[in-house]
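Structure, as structure tokens:
Any read-out appearing in this document is the output of simple, stated calculations on the displayed coordinates, not a laboratory observation. Computed from a predicted structure; not experimentally measured. Cβ sites come from the backbone with ideal geometry, for glycine too, and all protein chains shown count toward neighbours.
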Amino acid sequence: MKMKLYDKGVYLLNGTELVQDTPDAAAVIKSRTGDEAEPARAKTQTIAYQILKEHNTSGNMEHLQIKFDKLTSHDITFVGIIQTARASGLEKFPIPYVLTNCHNSLCAVGGTINEDDHMFGLSCAKRYGGMYVPPHQAVIHQFAREMLAGGGKMILGSDSHTRYGALGTMAMGEGGPELVKQLLEQTYDINMPQVAGVYLTGKPEKGVGPQDVAIAIIKEVFASGFVKNKVMEFVGPGVANLSVDFRIGVDVMTTETTCLSSIWKTDEQVKEFYEIHGRSEDYKELNPGQAAYYDCMIELDLSTVKPMIAMPFHPSNAYTIEELNANLMDILDDCDKKAQVSFNGAVELNLKDKVRNGKLYVDQGIIAGCAGGGFENICDAADILDGAGIGADEFTLSVYPASMPVYMELVRNGAAAKIMAAGGVMKTAFCGPCFGAGDTPANNGFSIRHSTRNFPNREGSKVQNGQIASVALMDARSIAATAANKGYLTSACDIDVNFTKPKYFFDKKIYENRVFDSHGVADPSAEVKMGPNIKDWPKMCALTDNLVLKVVSEIHDPVTTTDELIPSGETSSYRSNPLGLAEFTLSRKDPAYVGRAKEVQKAEKAREEGGQPYEALPELKDAVDVILQKFPDADESNTGIGSTIFAVKPGDGSAREQAASCQKVLGGWANIAHEYATKRYRSNLINWGMLPLVIPEGELPFGNGDYLFLPGIREAVAQKAADITAYAVKNGALQEFHMTLGELTDDEREIILKGCLINFNRK
């Protein structure tokens, strides 16, 4: 594969020529354009800069205060978001807000709980003036592509894969509190992000799909953090060689690079997409200026990309399928060893058992969701399966079209029939296979999926019960080729197929007949329907002058995903019940965490109620006695008691705020990390009033079970102290060490001081 990373600045001239920012750059640019090269001015020529400028309300392009055009959430997140906004004085949705039901629409777990959430969503759409998409109609991002995206617009979603850059829309996935701020007509505050160019040339070879290109990019950039918190901007002549569906498939996976957002140049093909969907007025041509400056650049020749497979347990753990087949036992052995590390030896994964006659036999193939469930992906898969059979053995194939309009067109053009005749199963729009709530494999099962993530437990494993399976990510075409080969791993480039490439016809009658649309008109008389599982957020107190924290979990994995902090899958049924959901916190990573956190919380509750914390937690007295020797003024009136966790690099993955809020409702007051994997997880911590503490790399001055003391922490936050002095209680003495909080806006500091966003907004 031909991919080059430029870690220094690069100019893009006329959209077609790269010039590195070297001492000779000015002369080259002058000769090509007649203009002077100046990075500061050329940075304003990116597509990303122009869109951010149009949405910034601060008047300062270094410190942005963004107001979005539209919002979207799904049924795992919208109850908590609306409950938070209601507690903060919400009267109506000030901008279009779409509530989709594509995550916990599977009611096998939780009984009526899930449907209660849906009724809550419908009633809120009526009362506050939103849109409501019922279960099975569309996955969140497909509906947004079909009905919400617009050239030059910005959309904020509560799902991390909120990415519509291929359609000219800059979209971001953030935790629920950031949507709450928009609902309360506040702003999304960030420093001007850097922009990473992705310069595409060439044309993919037959059989290579968008997931292959995406995995190839993720493999190159994830570990180094090359595009972390940057906007990825796709440019270059290769863009024109990709269909819009192909671009969408690459774009949605940019989340797995840990970038902030994405945007693509647009053209006549994108214009046609909007025309097909009856929204031609929403198209806008987007191109970088004559000389645009990018902070870094990825240059990729699409013709050199081969069919890829991302092995467990991360999209970056990637190989070409050819490479995997050539080094099968070694790579499978490596995966088995990684499982031992990831699961602390609690359960054994043995992928080497999947090798039959020198070939890798797969248990399950799935094409689904916002990444795989697009029209073109499924049509190409159907062509590969036409006249084939998946066999009558263990291998199964499920296909989930991303929306009912896509499904209907697949029925009309015969693609669905080809898949079903081959032995595949067609299912309705559902995100379950992506987050572990649908098509869960048997123990030691190996699933190949065109979906977005393959983190540990994403397929439904319950390690604490001795059950484990694993997922590899692949493109729909190679999944179909594997299915046609009756479960033996096969590259789509190794088969002879005629891709028919049927034209797509969008029929919006389904949505007109089924989707509730208030057209932005609120109805204050509409009653909000509250099922018995839907609970308000518990009260949270303000940050105290000092803090005593007990370390209740210590995690040394290189990265701790949000799925490990709060598991997805069957927990979805409890997402509307803060305390009910909190019982699952770290359950698959550190099952003892909840009990430890609750013990500490007893002391804090006693303190808040005017009681004696030591009676609730006797061991606390010994630690406090040591603290009082140096800080005699620290007492129950000014010193809060809470828990904290340490993780090396927490927060990769989902935007779900519950990764932070579940710790908070259990008495968590901080996270300590060497680095936060994503902005969105750190923002979730802040919005729930938790301290996002950073400690330098090296030997930790504390361990699991130790007590820490943070004197004057309230003042330190308020006064923007660069250094946070802390003490570990060790062997009857205080051991001093230092941490930082990183950059915080004034509002973020106030949120932490008041204890959470709800308190911040409470009148």
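Summing Lys, Arg as +1 and Asp, Glu as -1, what charge do residues with Cβ under 13 Å from the Cβ of S243 carry, S243 excluded?
So the surrounding residues net to -3.
Going by amide H atoms built from the backbone, whose H comes under 5 Å of the H on H63, apart from near neighbours?
M192
Return the equivalent ellipsoid semi-axes of the stretch 115-161 as a descending list in whole Å, where each equals the square root of 5 times an eigenvalue of the C-alpha gyration tensor.
Semi-axes, largest first: 21, 13, 10 Å.
With each label point set 7 Å from Cα along the Cα-Cβ vector, what nm distance links E736 and A442?
With each label point 7 Å from Cα toward Cβ, the separation is 6.2 nm.
Short version: ³J(HN,Hα) in whole Hz for each residue of the stretch 242-250, in order, from phi by Karplus 6.51 cos²θ - 1.76 cosθ + 1.60 (θ = phi - 60°), x for Gly and Pro, what are they?
10, 5, 5, 4, 5, 4, 4, x, 6
Using amide H atoms built 1.01 Å from N in the peptide plane, name the residues 5+ places from S447, or on other chains, whose amide H lies under 5 Å from its own.
Residues meeting the criterion, in which the H sits 1.01 Å from N, are S470, V471, A472.
Are there trypsin sites (Lys or Arg not before Pro) in the stretch 472-567 that DSSP marks as loop and that have at most 11 other Cβ atoms within 10 Å, and which are they?
Here the trypsin sites (Lys or Arg not before Pro) that fit, given the DSSP loop and packing criteria, are K503, K539.
Working out 0.36 nm times the residue gap between K4 and E322, then minus their Cα-Cα distance, what length gain in nm do you get to one decimal?
My answer for the length gained is 112.3 nm.
Between K539 and S280, 0.36 nm times their residue separation minus their Cα-Cα distance comes to what?
Separation in residues times 0.36 nm, less the Cα-Cα distance, equals 88.5 nm.
I'd like the Karplus ³J(HN,Hα) series for the stretch 484-494: coefficients 6.51, -1.76, 1.60, θ = phi - 60°, whole numbers in Hz, and an x wherever there's a Gly or Pro.
5, 8, 6, x, 8, 3, 9, 7, 5, 6, 9
In nm, what is the difference between 0.36 nm times the number of residues separating M530 and K605 and their Cα-Cα distance?
Between M530 and K605, full extension yields an extra 24.2 nm.
Note down the net charge around D189, summing +1 for each Lys or Arg and -1 for each Asp or Glu among other residues with Cβ under 14 Å from its Cβ.
-3
Counting other Cβ atoms within 10 Å, which trypsin sites (Lys or Arg not before Pro) in the stretch 1-76 have at most 12 and lie in a DSSP loop?
Filter output for the stretch 1-76: K2, K8.
Amide H neighbours of L397 under 5 Å, at least 5 residues apart or on other chains, H built in the peptide plane: list them.
When sequence neighbours closer than 5 places are left aside, the close amide H contacts are G365, V425.
If each DSSP helix of 4+ residues adds -39,500 (n - 2.57) and the sum is divided by the residues in the chain, what number results at 222 nm, nearest 500 deg cm²/dmol?
-8500 deg cm²/dmol
May I ask you to list the GluC sites (Glu not before Pro) in the stretch 331-436 that are in a DSSP loop and have at most 15 other Cβ atoms within 10 Å of their Cβ?
E348, E394
What residues of the stretch 1-22 lie in the reach of a label at D330, counting those whose backbone N is under 20 Å from a point 7 Å from the Cα along Cα→Cβ?
Those under the cut-off are 1.
Cross-link partners among aspartates and glutamates for K92, C-alpha distance below 20 Å, same-chain residues fewer than 8 apart left out?
Once the sequence-local aspartates and glutamates are set aside, what remains near K92 is D69, D75, D117, E178, E185, D517, D523, E527, D536.
How would you order 620-629, 675-684, 381-390 from highest to lowest mean count of nearby Cβ atoms within 10 Å?
Going by the mean number of other Cβ atoms within 10 Å, highest first, we get 675-684, 381-390, 620-629.
Could you check the simple spin-label distance between E54 and K630, using points 7 Å along Cα→Cβ, in nm with one decimal?
For E54 paired with K630, the spin-label model returns 5.5 nm.
At a Förster radius of 41 Å, what calculated FRET efficiency corresponds to the Cβ-Cβ distance of K352 and A421, to the nearest 0.05? Can you show the working numbers first?
Numbers: r = 34 Å, r/R0 = 0.82.
With R0 = 41 Å, the Cβ-Cβ based efficiency is 0.75.
Helix 328-342 versus the longest principal axis of the chain: what is the Cα-based angle in degrees, 0 to 90, to the nearest 10?
Once rounded, one gets 20 degrees.
Summing +1 for each Lys or Arg and -1 for each Asp or Glu, what net charge is found among the other residues whose Cβ lies under 12 Å from the Cβ of E554?
It works out to a net charge of 0.
Within the stretch 280-324, which residues have the backbone N less than 12 Å from the label spot 7 Å out from S224 along Cα→beta-carbon, could you tell me?
Within reach of a label on S224: 296-299.
Dimensions of the chain along principal axes (Cα, Å, largest first)?
79, 66, 60
Ranked highest first by average number of other Cβ atoms within 10 Å, how do 601-614, 87-100, 692-705 line up? If you can, show how the numbers build up before the last one.
On the way: 601-614: 17.1, 87-100: 20.4, 692-705: 14.8.
Highest to lowest by the protection proxy: 87-100, 601-614, 692-705.
Between E272 and L579, how high is the FRET efficiency from 1/(1 + (r/R0)^6) when r is the Cβ-Cβ distance and R₀ = 51 Å? Nearest 0.05.
For R0 = 51 Å, the calculated efficiency reads 0.55.
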